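Have a look at the structure below before the remarks.
Throughout, read-outs are computed from the coordinates displayed, never taken from laboratory work. Because the structure is a prediction, the values reported are computed rather than measured. Glycine gets a Cβ as well: all are built from the backbone with ideal geometry, and neighbour counts include every protein chain shown.
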Amino acid sequence: MQCEKCHSDNTQRLQVVYEGGTQNISATSRTTGIGIGGGGLGVGAASTQTTGISRSTLAYRAAPPAKQRYVFALFLGFLAWLLWVYTSAFSKWFLLSSAVIALCGYWAYRVYTFNNKVWPELMAYWENEWLCLKCGHIYHHE
Ligand SMILES: [Zn+2]
């Protein structure tokens, strides 16, 4: 695969770049100390576990499109629902919370449509994107 900008052969799929730049870390560091206290010698050891994901700057650039999340719409909808339940019918707050619930429903619907219609297309597009390791150009090739 040739880079369309500099015609170098040194190119990689974004997917490969992304996976290659993402590492799982699981490290254990150990600290040992010897102390002399009142009347005895004590040895103490502590170990700390560090886990997580390390990602290079390049992997961030090559990251796949993210799905949208429901959590904010659900949280806001839940708060509005609480208000809706505990206010008297047709008061100002009742109407406001009804509007917010409707809005959250619409929001959740938009998230659903994005994740099921738009996101798969973005993902398919991303799977055919290439990075030139010589000039850093990102381009699309089926
Ligand atoms: Zn290039």
PHE90 and TYR125 label points (each 7 Å along its Cα→Cβ direction) are spaced in nm at 4.9
Diffing the range 84-96: the Karplus 3J(HN,Hα) column from phi (6.51, -1.76, 1.60, θ = phi - 60°), in whole Hz with x for Gly and Pro, holds 4, 6, 9, 10, 6, 4, 6, 7, 4, 5, 5, 5, 5
So LYS5 and VAL71, fully extended at 0.36 nm per residue minus their Cα-Cα distance, gain in nm 19.6 nm
